[in-house]
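Written out below as structure tokens is the structure these notes cover.
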Amino acid sequence: MALQPVPTRLPSDAGGLRAGAEGAAPVLVAVAHGSRDPRSAATVAELADEVRRQHPGLDVRVSFLDLSAPRLPDVLAGVAAEGHRRAVVVPLLLGHAFHARVDVPGEVAKAARRHPQLAITTAGVLGGSPLLEAAALDRLAAVTGPLPDPGLGVVLAAIGSSHAPANAAVAEVVDGWARRFGWAGGVAAFATSTSPTVPQAIAALRAQGAERVAVAQWILAPGLLPDAIARTAHAAGEDVLLAAPLAAHPAVATLVADRYRTATATPTLCRTAG
């Protein structure tokens, strides 16, 4: 199931402009959660490289909220110090949970107060896009083969959130896949905060008559929690298939650029006072 990146049209000034030039395209500041596992930061860097490959000349910076460096406030401070006038923060988050609702807006608001000469726009999270689903399905098909299969049961594994709507959104994704491909079933599972767990979801699918079970990862990068998901999946049965995280899939890079493009066209900037 080879997936071709969907072309994304960026503003005509997306490349070839000098820092701080009037009318220059905003800097794209991608922000991920961060992890103690160095593979996570390396994957985010690879994703940024793929965005640059798809859009040469676009100024793409990488930042993190916690646990990894450089941190978002430091990157925005650097962008301002270089004389740039505009930046778009693109959260590399798959759902609209705590980090998207609280952490990112809070850090952006503080940066806007520190650097009033820098107009900062925050883009939407990556979730809710067909491009993200296409990337996840491509990873899944790499281990299952053709996706239309009435004997297949699929667990869509996510990190999990205390924000119930974020978890429900994962369940809606896999429910839609199950209907689309005629699977024996599709169940969302979570590594933290809520249930079912991956082993519970695998057991439920087998009880529904699934002849094969695969675990797809609704997770951007490898790390400690994705490793735990893999361990529990394999513990549930050596025959359980495990798809890779989304990582630097070309469709994810296309989505990052698309979120940037949409935010660039949005006039609402962070100008928080106080």
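Observations on the model:
- Rg over Rh for the chain works out to 1.01, both radii taken from alpha-carbon positions and Rh defined as the Kirkwood radius.
- Taking amide H as placed 1.01 Å from N in the peptide plane, GLY185 has its amide H under 5 Å from the amide H of VAL154, each at least 5 places away in sequence or on another chain.
- Residues with amide H under 5 Å from that of GLN217, placed H, sequence gap 5 or more: ALA157, ALA243
- Centroid-to-centroid, using Cα positions, the stretch 173-195 and the stretch 65-114 are 32 Å apart.
- The phi torsions of the stretch 25-40, fed into the Karplus equation with coefficients 6.51, -1.76 and 1.60 and a -60° offset, translate into couplings of 4, x, 6, 8, 10, 7, 10, 10, 5, x, 7, 6, 7, x, 5, 5 Hz, rounded to whole numbers, with Gly and Pro shown as x.
- Residues whose amide H comes within less than 5 Å of that of ARG71, counting only those at least five positions distant or on another chain, are PHE64 (H built at 1.01 Å from N in the peptide plane).
- Whole-Hz ³J(HN,Hα) from phi, Karplus 6.51 cos²θ - 1.76 cosθ + 1.60, for the stretch 82-87, glycine and proline x: 6, x, 5, 9, 9, 9
- Axis angle, to the nearest 10 degrees, between helix 164-181 and the longest C-alpha principal axis of the chain: 60 degrees.
- 17 Å reach of a label modelled at GLN208, 7 Å along Cα-to-Cβ, counting backbone N of the stretch 175-194: 175-190
- Working from label points 7 Å from Cα in the Cα-to-Cβ sense, the GLU46 to ARG113 distance is 3.9 nm.
- The modelled label-to-label distance between SER162 and ARG231, using points 7 Å beyond Cα along the C-beta direction, is 2.5 nm.
- C-alpha long axis of helix 130-144 to longest principal axis of the chain, angle in °: 40 degrees
- Applying the Karplus relation 6.51 cos²θ - 1.76 cosθ + 1.60 with θ = phi - 60° to the stretch 230-243 yields 3J(HN,Hα) values of 4, 5, 5, 5, 5, 5, 6, x, 5, 8, 6, 8, 10, 7 Hz, where x marks Gly and Pro.
Throughout, read-outs are computed from the coordinates displayed, never taken from laboratory work. Model, not experiment: these values are computed from the prediction. Note: ideal-geometry Cβ built from the backbone for every residue, glycine included; neighbour counts use all protein chains shown.
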